[in-house]
Amino acid sequence: MNKLHFLTAGLPLASEGNGYKTGLDIVKQMDLDGIEIEFVHGVRMNEASQKAVIDFTSDIKYKVTCHGPYYINLNSLEPEKIDASVLRILETSRMGKKVGAYSITFHAAFYMKQQPDNVYNTICKSIEKICSILDEENNNIWIRPETTGKGTQWGTLEEIVKLSKEFKNVLPCVDFAHIHARNNGIYNTYDEFSKMFEYMGNELGSEIFNDFHAHLAGIEYGLKGEKNHLILNESDMNYKDLLKVFKAFDVKGVLVCESPNIETDTKLLKDYYLSL
Ligand SMILES: [Zn+2]
């Protein structure tokens, strides 16, 4: 990618349920760079919506990513639920490719009170299956497990970095709000953000900063981690220093804003970034 793109998480609020065509026109009018399609309740999209997204992504100026369903647990105790989770990730990837998406993300699993190393090995098997099926289908969309916001959810930055080393189409989707919430308020200063980027660069190579996928929002959290998303300026999320670090590392790719006011904070982030 040639720059950092600012994406809304889902359609802008101003589209008021009027669908993709309207929502994507608002994204363009606001000079934003794209959206993350939220398949959080299932991978369903009608033909008209697909066409609207395909038209949108046919202009390389605009980027689309997809968020897989919430009902994914690659560490379920029930094998059929693991199979269903694999299928949901495949469906997200297939629809993503169809509409011209760049990357997909999802919350991979819960620990289910098991040892993290065992959970990692279990997840690895499913990711291997997903990658080999997509490879056979010539689908090379990025598969990006997201860093998660709660201690019960698999997905620390270290775990996802480790997984990324094993598969060529796998890289992290770094949700900075989740990392901040999961670690009870740390990872919120210029130095702490810089260390994360240094770590990723050292482990995965600095070329990952040319193809980055990140999430950001204000966040409310407690001892168990993430509670809910907040508007950036009503939270303690230090987005200004984070964007300075994006700039310092010359990060290109997509930054998806998941604040409840969707497009307003996406615009805030883009404007602040461009002012640096
Ligand atoms: Zn997510």
Neighbourhood charge, 13 Å Cβ-Cβ cut-off, centred on residue 234 and excluding it, Lys, Arg +1 and Asp, Glu -1: -3
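Quote the FRET efficiency, to the nearest 0.05, computed for residue 2 versus residue 80 with a Förster distance R0 of 41 Å and r equal to the Cβ-Cβ distance. List each step's numbers first, then the result.
Numbers: r = 44 Å, r/R0 = 1.06.
That pair, residue 2 with residue 80, gives E of 0.40.
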The range 64-141 shape via C-alpha gyration tensor axes, a/c threshold 1.5: prolate
Gaussian network model of the chain, Cα within-10 Å springs - most flexible of 177, 14, 109: 14
Gap separating the Cα centres of the range 96-167 and the range 206-276, nearest whole Å: 22
Burial ordering of 39, 246, fewest other beta-carbon atoms within 10 Å first: 39, 246
Rounded, prolate or oblate (a/c below 1.5 giving rounded, otherwise prolate when a/b exceeds b/c) for the range 184-276 by Cα gyration tensor: oblate
In Hz, Karplus ³J(HN,Hα) per residue of the range 174-182 (6.51, -1.76, 1.60; θ = phi - 60°; x = Gly, Pro): 8, 8, 5, 5, 4, 5, 4, 6, 5
Volume in Å³ per residue [convex hull over Cα atoms, computed for the chain]: 120
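In percent, what relative contact order does the chain have, based on Cα pairs under 8 Å that are 6 or more apart in sequence?
On the way: 550 pairs, mean separation 52.9, N = 276.
Once normalised by length, the contact order is 19 percent.
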Simple spin-label estimate for residue 248 and residue 98 in nanometres, 7 Å along Cα-Cβ: 4.4
Sequence-distant residues sharing a close amide H with residue 253 (under 5 Å, placed H): 3, 4, 5, 212
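Which ordering of 3, 267 is given by a fewest-first count of other beta-carbon atoms within 10 Å? Don't skip to the answer; put the middle values down first.
Numbers: 3 11, 267 18.
Listed from fewest to most nearby Cβ atoms, that is 3, 267.
Sort 192-198, 202-208 by the packing proxy (mean of other Cβ within 10 Å over each peptide's residues), most packed first. Intermediate results must be reported in sequence, preceding the final value.
On the way: 192-198: 17.3, 202-208: 13.3.
Packing order, densest peptide first, comes out as 192-198, 202-208.
For residue 14 and residue 189 in the same chain, what is the full-extension length gain: residue separation times 0.36 nm, less their Cα-Cα distance, in nm?
Here the segment from residue 14 to residue 189 would lengthen by 59.7 nm.
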Distant-in-sequence amide H partners of residue 106 (H built 1.01 Å from N, under 5 Å): 68, 144, 146
J(HN,Hα) series, the range 101-116, from Karplus relation 6.51 cos²θ - 1.76 cosθ + 1.60, nearest Hz, glycine and proline x: 6, 8, 7, 10, 9, 6, 8, 6, 5, 10, 6, 6, 6, 9, 5, x
Calculated from backbone phi, Karplus (6.51, -1.76, 1.60) coupling profile of the range 217-224 in Hz, x at Gly/Pro: 6, x, 8, 9, 8, x, 4, 8
Ranked 38, 226, 166, criterion: other C-beta atoms within 10 Å, fewest first: 166, 38, 226
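Bear in mind that the values in this text are calculations on the coordinates, not laboratory data. Keep in mind the model is a prediction, meaning the values are calculated, not measured. All Cβ positions, even for glycine, are placed from backbone atoms using ideal geometry, and neighbour counts span all protein chains on display.
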